[in-house]
Amino acid sequence: QVQLGEFGGGLVQPGGSLRLSCAASGSIFSIHFMGWFRQAPGKQRELVASITSTGKTNYADSVKGRFTISKDNAKNTVYLQMYSLKPEDTAVYYCNAEPIYGLGYLSWGQGTQVTVAS
């Protein structure tokens with residue numbers, strides 16, 4: 001099974017930028033759905049951005065216009081480029097995938113912490 005690992009989080013000031021990476025152990029070329037999720041303390045995990053095997057993208061309203069999800073099939077990597085970061089973006093960010101529609105997500109990893117503060 002394909003396994004995913006997130007990295008690139010850290011501490012950034014409001015208005016700053018950060019790029020998260022999700023590296024896969026195998027090919028992501030045919031994976032139906034890949035997404036970035038986040039979970040803040042005391043809150044439910046939410047889907048932030050997604051990209052399909054055809055390249056179609058979707059974003060949560062809270063990040064639309066500021067975040068961009070992309071993938072590099074040759075590198076088996078999905079990215080989340082974040083601009084104009086706000087304190088409310090602070091959360092643990094996770095990458096996950098549904099390789100085939102309807103079969104569910106892969107196992108959840110540890111995520112990568114993003115903290116936006118001055």
Exercise for review: Can you tell me which residue among G26, G42 is touching a residue at least 12 places away in the same chain (Cβ under 8 Å), surrounded by fewer than 13 Cβ atoms within 10 Å (Cβ to Cβ) and assigned to a loop (DSSP other than H, G, I, E, B)?
Suggested key: G26
Practice item. Would you please name the residue that is surrounded by the most Cβ atoms within 10 Å (Cβ to Cβ), looking only at residues in the range 29-39 that are under 18 Å from V92 (Cβ atoms) and without any contact (Cβ under 8 Å) to a residue 60 or more places away in the chain? Key: W36
Study note, to complete from the structure: Flagged in the range 64-89 as crowded, with 18+ Cβ neighbours inside 10 Å and either under 12 Å from the mean Cα position of the chain (by Cα) or aromatic (F, W, Y) (or both), in numbering order, are F67, I69, K71, V78, Y79, L80, M82
Practice item. For the range 10-23, enumerate the residues that are farther than 12 Å from Y79 by Cα and open to solvent by less than 70 Å² (accessible area, probe 1.4 Å). Key: G10, V12, P14, G15, G16, S17
Point to revise | When residues of the range 90-106 are limited to those that are more than 16 Å from L11 (Cα to Cα), in a loop (DSSP other than H, G, I, E, B) and touching a residue at least 24 places away in the same chain (Cβ under 8 Å), the one least open to solvent (accessible area, probe 1.4 Å) | key: L106
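The values are calculated or read from the model by the stated rules, or taken from the named source; none is laboratory data. Everything numeric in this text was worked out from a predicted model, so none of it was measured. Don't worry about glycine lacking a Cβ; one is built from the backbone with ideal geometry, like all the others, and counts go over all protein chains shown. The area values use the complete protein model at the heavy-atom level, side chains included, leaving out ligands, DNA and RNA. Shrake-Rupley method; radii C 1.70, N 1.55, O 1.52, S 1.80 Å.
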